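Each remark here refers to the structure printed beneath this line.
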Amino acid sequence: MEEYNCEECGVHEDIVAKVSKVMPDESVLYDAAELLKVFGDSTRIRIIFVLCQSEMCVCDIAKLLGMTQSAISHQLRVLKQARLVNTRRDGKTIYYSLCDAHVQKIFYCAMEHVMEHE
């Protein structure tokens, strides 16, 4: 089994000091971890993918992904609570879209990373 320990025990004080200066608060890191958990579900990733392509209503997403409207609505609720999607009402129809370009960027970076290692 490969060990991930230093062979010589000695802290590199200059590196530790440099990183300590820019280390975010624990609460910020916790919030980032919680956000990334939302990306940890394949259904939500599929929904994010289709919303990268176009604004859509629940019916369209359910048809496209071959799932029930109820299942899609549940996942959209999670995405909305995580501030990853926005809604827009047009009459009785609610359309979903990505909240901002950051969501699309996170998704595309993840896809690029996965595809380069295939």
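Taking Val50 as the residue in question, decide whether it is under 17 Å from Cys99 (Cβ atoms) and touching a strand residue (DSSP E or B) at 6+ places or on another chain (Cβ under 7 Å). Criteria met by Val50. Restricting attention to segment 10-33, the residues being within 19 Å of Arg83 (Cβ to Cβ) and either among the basic types (Lys, Arg) or part of a helix (DSSP H, G or I) (or both) number 7. If we scan segment 11-23, do we find a residue that is farther than 24 Å from Tyr96 by Cα, under 16 Å from the mean Cα position of the chain (by Cα) and either modelled with pLDDT of 95 or more or surrounded by 10 or more Cβ atoms within 10 Å (Cβ to Cβ) (or both)? There is no residue in segment 11-23 that is farther than 24 Å from Tyr96 by Cα, under 16 Å from the mean Cα position of the chain (by Cα) and either modelled with pLDDT of 95 or more or surrounded by 10 or more Cβ atoms within 10 Å (Cβ to Cβ) (or both).
For the condition free of Cβ contacts under 8 Å to residues at least 40 places away in the same chain, within 23 Å of the chain's Cα centre (by Cα), farther than 22 Å from Val85 by Cβ and not in a loop (DSSP other than H, G, I, E, B), Leu36 does not qualify.
Restricting the search to segment 88-118, which residues are at positive phi and in a helix (DSSP H, G or I)? Break it down into steps so the answer makes sense when it comes.
Of the residues in segment 88-118, the ones at positive phi are 91.
Across segment 88-118, there are no qualifying residues.
Of the helices (runs of 4 or more DSSP H) lying entirely inside segment 42-87, the ones with 3 or more residues being over 18 Å from Met111 (Cβ atoms) and either of a type in the set (S, T, N, Q) or modelled with pLDDT under 95 (or both) are found at 69-81. Have a look at Thr68, Thr87 and point out the one that is farther than 18 Å from Cys99 by Cβ, among the polar types (S, T, N, Q) and free of Cβ contacts under 8 Å to residues at least 12 places away in the same chain. Every option except Thr68 fails the conditions. Would you call Val28 farther than 15 Å from Phe107 by Cβ, exposed (fewer than 11 other Cβ atoms within 10 Å of the Cβ) and either more than 22 Å from the chain's Cα centre (by Cα) or in contact (Cβ under 8 Å) with a residue 12 or more places away in the chain (or both)? Taking the combined requirement at face value, the residue does not satisfy it.
Please work out if Ser73 is at negative phi, surrounded by 11 or more Cβ atoms within 10 Å (Cβ to Cβ) and without any contact (Cβ under 8 Å) to a residue 24 or more places away in the chain. So that I can check it myself, show each step before the final result.
Values: at negative phi: yes; surrounded by 11 or more Cβ atoms within 10 Å (Cβ to Cβ): yes; without any contact (Cβ under 8 Å) to a residue 24 or more places away in the chain: yes.
Taking the combined requirement at face value, the residue satisfies it.
The values are calculated or read from the model by the stated rules, or taken from the named source; none is laboratory data. In this text the structure is predicted, and so the values were computed from the model without any measurement. Cβ: placed from backbone, ideal geometry, glycine included. Neighbour counts: every protein chain shown.
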